[in-house]
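Here's the structure, in structure tokens; my notes come after.
The values are calculated or read from the model by the stated rules, or taken from the named source; none is laboratory data. Because the structure is a prediction, the values reported are computed rather than measured. As a convention, Cβ positions derive from the backbone with ideal geometry for all residues, glycine included, and neighbour counts pool all protein chains shown.
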Amino acid sequence: MKNRILQAYRQAPWRIQIQWIGLFLLGLVLIAAVTGLYLNISAQAATAGRKIQSLERDIDDINNEIADLTTELAKAESIENMEARAKDLGFKLIDPNRAVYLEIPGYNPNADLVLAPPRINIISESPIVKSSYKISLWEWFANQIWHPLEGPSSIKEGASP
Amino acid sequence: MKMPYHGRYVFVVLICAILGVAIVVQMVRINYTTYSQQLIAKSADYQGVEKIIYPSRGTIYDRSGHILATNQVGYELGIDLKFVNDPESIAFSVASIIDDLDYVNVFELASTEERENENRYFVLSSYVSKEKIDELSRLKESYADRRQQQRAEKPSLSGLVWYPMQQRTYPEGTLAANLLGFYNYFSRETAQGVYGVEEAYNRLLTGKPQSVFMPNDPYLVEPLPDIQPGASLVLTIDRDIQRMVERQLADAMEWSGAEGGTIIVANPENGEILGMASTPFFNPNEYWKYEETFPGITPYNKAIGTTYEPGSVFKVITMAAALDSGVAEPSTTYNDSSGVYWVANSWPIYNWDGGAWGVQDMTGCMQHSLNVCLAHVAVDLLQEDLFYQYLQAFGFGRSTGIDLASEANFPLRLPTNNQWVEIDLATNSFGQGIAVTPIQMVTAISAVANDGMMMTPHVVRSVIDRGQQYDVTPQVINSPISPETAQSLTQMLTITLEEEASDALVEGYTLAGKTGTGEIPTEFGYTSELTNASFVGWGPSDDPQFLVYVWLEKPTISPWGSVVAAPVFGDVVEELVVLMRIPPDNIRLKTAIE
């Protein structure tokens, strides 16, 4: 059997050449595939980079626009403009002697202005001394047996004034 | 057996090898020449730029959320020489649209020959308005269209560039400017808050600028770090009250002929400043005109930055000390038989009218503002130690700690000082020979209006930082007198005001108050006919919710506080009670009982 195969190759040496060519082409295809993949990914990375830069510019533009609009609004609502508008609409400054006072339950003219949520303190238990060091070996052992899944509660939340 | 073409193969291999070696040699050579350093430096230019990102400066609100200071976009206008090909058009356009730029200067800059290692970018103007930039932008586009149609190279504004940047703006103009201060934004690297809230809270408002490398290589681009804007501040100032006191001050100066003045409205219960007007008025949107408005040593905010001899309003402090220490009671009498009080048999003290007022109780002494009586209280009853202990307890000689920049303070002259003389005790008792700021007077007298507790005056109510609001807790400075003393004195000063039928009275409201006429010292003594006219008052007397201090500097219509400052106080309070929604006493007390 072995002799037959050897004889077949001797009779057709091109088969070996085809094998080598096939292997070479396979390698070439692999390299091309990897190169293509690399190019594709790097093109995507470059596009993403450019997009990040573009988005950052957009953020800047939007922030600037917000600042401009806030200023415009503040100017439109400035006390000088509001007084002029009130005057145009026929309002007059009140004569204090003619003021009528009505009690409105729950109304507090001096209520604090809230522009953002109040500060929240997150108080965590000291991580320096683990609870396992604060109990006896026996207590620890009992805990492991009876409450193996319970961990120490470590975070308490509370609002500061 | 020798292969055919062997020599040719060897030749090709040799050529390739030589080329390879040459490339390696050249690579090594380049790295060791002087030119290589220049190349490395040049390559750094193309890698990207190091940019400092400045966070937006925090907004300042009044107590109701109205914006007093914020930011708007201004543009830096410049010339990038790399792209300039028509200097004439650039110079002509810029000079015709931007007022403070002229053709010749811009043309010279735009015509500068570009050289290596030279600045390729010139700043023409900082903080150009959006409207002007829009005009330039439209012109640039129309030139580009014209070039395309005519297939020509000119006219072109290529190379004229602008970058947006935020600038400080004060939408209310001059309103509360003396309290806000300003932000000198022109030079971005050195910009900082100057005076007032802007300076006192500069670090909080500014935030933390960060240096960031912006690469040109898209592979190296990373999202910018999250740069938090500066903290925003909510002030205790009420915009309507501020506007009202500024208007009242301007009117008062006009009719009284005063040189300057201050009106402060405070809440004695917590030290909040509700309004603070001071002259000269100033528009911080044009902060570069600062020196024109405040020549020489003119303080930016007189309410905190000027010391002066307050005159008789200071009698409130002397009487508070006398009542609290127990050396006198409201019914204690003094016989002003001659109208003169001799200090150490050497220095005479006279009443404001030079007359003798006979037997007076302490209420009468305050009602008629008798210098002689108060000198007697300080010298004979309180005496040095007790009098100055009380003055120190009331905070005189120290800054009040108000959260505004540039607070002035004049040290208190005590008996232990070499400069102190015996007559000082007598004159200090009625507010002469002692220098105070209006805010010191407000802080000290607020103890009388607040059951003896003296609160730190402050203008910031809350700080908003990183999306969270921190409310400022009012601080007690001291309790120089007992609640009983405070109530007793308030009662005395309510009676005196009513019996005097003062111009300070407001119909429907019981108020306590005291006038003051302070002589102004010159280098030759108290020779000037001009005075400091002032009035301090608070109300409603049974539950004080406001304290108003009026000081008019050198009024010409009359030297007396009762004539000049008291009516201003009355006018202010008449509007203030409406703005603070304080009903007249009969309604308020009826509502309280129900």
Handout entry: Tally of residues being of a type in the set (Ser, Thr, Tyr) and facing chain A (nearest Cβ under 10 Å) across the stretch B:42-61
Key = 3
Handout entry: Only one of B:434, B:439 that is at pLDDT below 95 and buried (at least 22 other Cβ atoms within 10 Å of the Cβ)
Key = B:434
Practice task
Please go through the stretch B:254-272 and pick out each residue that is among the hydrophobic types (A, V, I, L, M, F, W, C) and over 23 Å from residue B:445 (Cβ atoms).
Solution key: B:255
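Here is a yes/no grid of residues against (1) more than 7 Å from chain B (Cβ to nearest Cβ); (2) surrounded by 12 or more Cβ atoms within 10 Å (Cβ to Cβ); (3) closer than 27 Å to residue B:573 by Cα; (4) among the polar types (S, T, N, Q):
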residue	(1), (2), (3), (4)
A:64	no, yes, no, yes
A:68	no, yes, no, no
A:85	yes, yes, yes, no
A:95	yes, no, yes, no
A:99	no, yes, yes, no
A:102	yes, no, yes, no
A:109	no, no, yes, no
A:118	no, yes, no, no
Handout entry: Number of the condition not met by residue B:543 [criteria: (1) farther than 23 Å from residue B:315 by Cα; (2) part of a loop (DSSP other than H, G, I, E, B)]
Key = (1)
Problem - Test for residue B:257: is it surrounded by fewer than 17 Cβ atoms within 10 Å (Cβ to Cβ), within 27 Å of residue B:433 (Cα to Cα) and not polar (S, T, N, Q) - result: yes
Practice task
Would you please name the residue that is farthest from residue B:408 (Cα to Cα), looking only at residues in the stretch B:190-211 that are in contact (Cβ under 8 Å) with a residue 24 or more places away in the chain and over 12 Å from the mean Cα position of the chain (by Cα)?
Solution key: B:211
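For every residue, the table says whether it meets (1) surrounded by fewer than 24 Cβ atoms within 10 Å (Cβ to Cβ); (2) in a helix (DSSP H, G or I).
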residue: B:489; (1), (2): no, yes
residue: B:495; (1), (2): yes, yes
residue: B:498; (1), (2): yes, yes
residue: B:501; (1), (2): yes, no
residue: B:506; (1), (2): yes, no
residue: B:510; (1), (2): yes, no
residue: B:514; (1), (2): no, no
residue: B:517; (1), (2): no, no
residue: B:528; (1), (2): yes, no
Problem - Out of B:557, B:520, sole residue that is touching a Gly at 6+ places or on another chain (Cβ under 7 Å) and farther than 16 Å from residue B:241 by Cα - result: B:557
Fill in the blank from the handout: Taking the stretch B:202-212 and keeping residues under 21 Å from residue A:65 (Cα atoms) and part of a loop (DSSP other than H, G, I, E, B) leaves B:207, B:209
Exercise for the section: Go through the stretch B:162-201 and give me each residue that's touching a Ser or Thr at 6+ places or on another chain (Cβ under 6 Å), within 14 Å of chain A (Cβ to nearest Cβ) and not in a strand (DSSP E or B). Expected result: B:171, B:172
Problem - Any hit, the stretch B:336-350, residues being touching a residue at least 60 places away in the same chain (Cβ under 8 Å) and within 14 Å of chain A (Cβ to nearest Cβ) - result: no
Problem - Residues of the stretch B:218-243 that turn out to be in contact with a strand residue (DSSP E or B) (Cβ under 7 Å, 6 or more places away or on another chain) and either over 30 Å from residue B:533 (Cβ atoms) or not acidic (Asp, Glu) (or both), as a count - result: 13
Handout entry: the stretch B:141-161 - residue that is among the charged types (D, E, K, R) and farther than 20 Å from residue B:130 by Cβ and, of those, nearest to the other protein chains (Cβ to nearest Cβ)
Key = B:145
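Among B:374, B:323, B:382, which is the only one that is more than 18 Å from residue B:432 (Cα to Cα) and not β-branched (Val, Ile, Thr)? Let's see the steps before the verdict.
Values: B:374 fails: more than 18 Å from residue B:432 (Cα to Cα); B:382 fails: more than 18 Å from residue B:432 (Cα to Cα).
Of B:374, B:323, B:382, the one residue that is more than 18 Å from residue B:432 (Cα to Cα) and not β-branched (Val, Ile, Thr) is B:323.
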Fill in the blank from the handout: Selection over the stretch A:84-101 where residues are hydrophobic (A, V, I, L, M, F, W, C) and either in contact (Cβ under 8 Å) with a residue 24 or more places away in the chain or within 23 Å of residue B:587 (Cβ to Cβ) (or both) yields a count of 4
Problem - Restricting the stretch A:49-62 to residues that are more than 8 Å from chain B (Cβ to nearest Cβ) and hydrophobic (A, V, I, L, M, F, W, C), the residue that is farthest from residue B:73 (Cα to Cα) - result: A:55
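Select from the stretch B:380-427 the residues that are acidic (Asp, Glu) and more than 22 Å from residue B:476 (Cα to Cα) and list them in ascending order.
We begin by selecting, within the stretch B:380-427, every residue acidic (Asp, Glu); these are B:380, B:384-385, B:403, B:407, B:422, B:424.
B:380, B:384, B:385, B:422, B:424 - these are the residues of the stretch B:380-427 that are acidic (Asp, Glu) and more than 22 Å from residue B:476 (Cα to Cα).
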Exercise for the section: Give just the number: which of (1) farther than 30 Å from residue B:361 by Cα; (2) at pLDDT 95 or above; (3) surrounded by fewer than 19 Cβ atoms within 10 Å (Cβ to Cβ) does residue B:451 not satisfy? Expected result: (1)
Fill in the blank from the handout: Of those in the stretch B:62-73 that are assigned to a strand (DSSP E or B) and facing chain A (nearest Cβ under 7 Å), the residue farthest from residue B:236 (Cα to Cα) is B:73
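Any chance the stretch A:70-80 includes a residue that's more than 9 Å from every other protein chain (Cβ to nearest Cβ), assigned to a helix (DSSP H, G or I) and either of a type outside the set (Asp, Glu) or in contact with a Phe, Trp or Tyr (Cβ under 8 Å, 6 or more places away or on another chain) (or both)?
Restricting attention to the stretch A:70-80, the residues satisfying the condition of being more than 9 Å from every other protein chain (Cβ to nearest Cβ) are none.
Looking through the stretch A:70-80, none of the residues is more than 9 Å from every other protein chain (Cβ to nearest Cβ), assigned to a helix (DSSP H, G or I) and either of a type outside the set (Asp, Glu) or in contact with a Phe, Trp or Tyr (Cβ under 8 Å, 6 or more places away or on another chain) (or both).
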Exercise for the section: Give the residue that is nearest to residue B:258 (Cα to Cα), with candidates limited to residues of the stretch B:550-594 that are within 9 Å of chain A (Cβ to nearest Cβ) and in contact with a Phe, Trp or Tyr (Cβ under 7 Å, 6 or more places away or on another chain). Expected result: B:577
Practice task
Please specify each residue of the stretch B:209-240 satisfying the condition of being closer than 18 Å to residue B:548 by Cα and away from chain A (no Cβ under 11 Å).
Solution key: B:237
Practice task
Select, from B:456, B:400, B:363, the only residue that is touching a residue at least 60 places away in the same chain (Cβ under 8 Å), among the β-branched types (Val, Ile, Thr) and buried (at least 23 other Cβ atoms within 10 Å of the Cβ).
Solution key: B:400
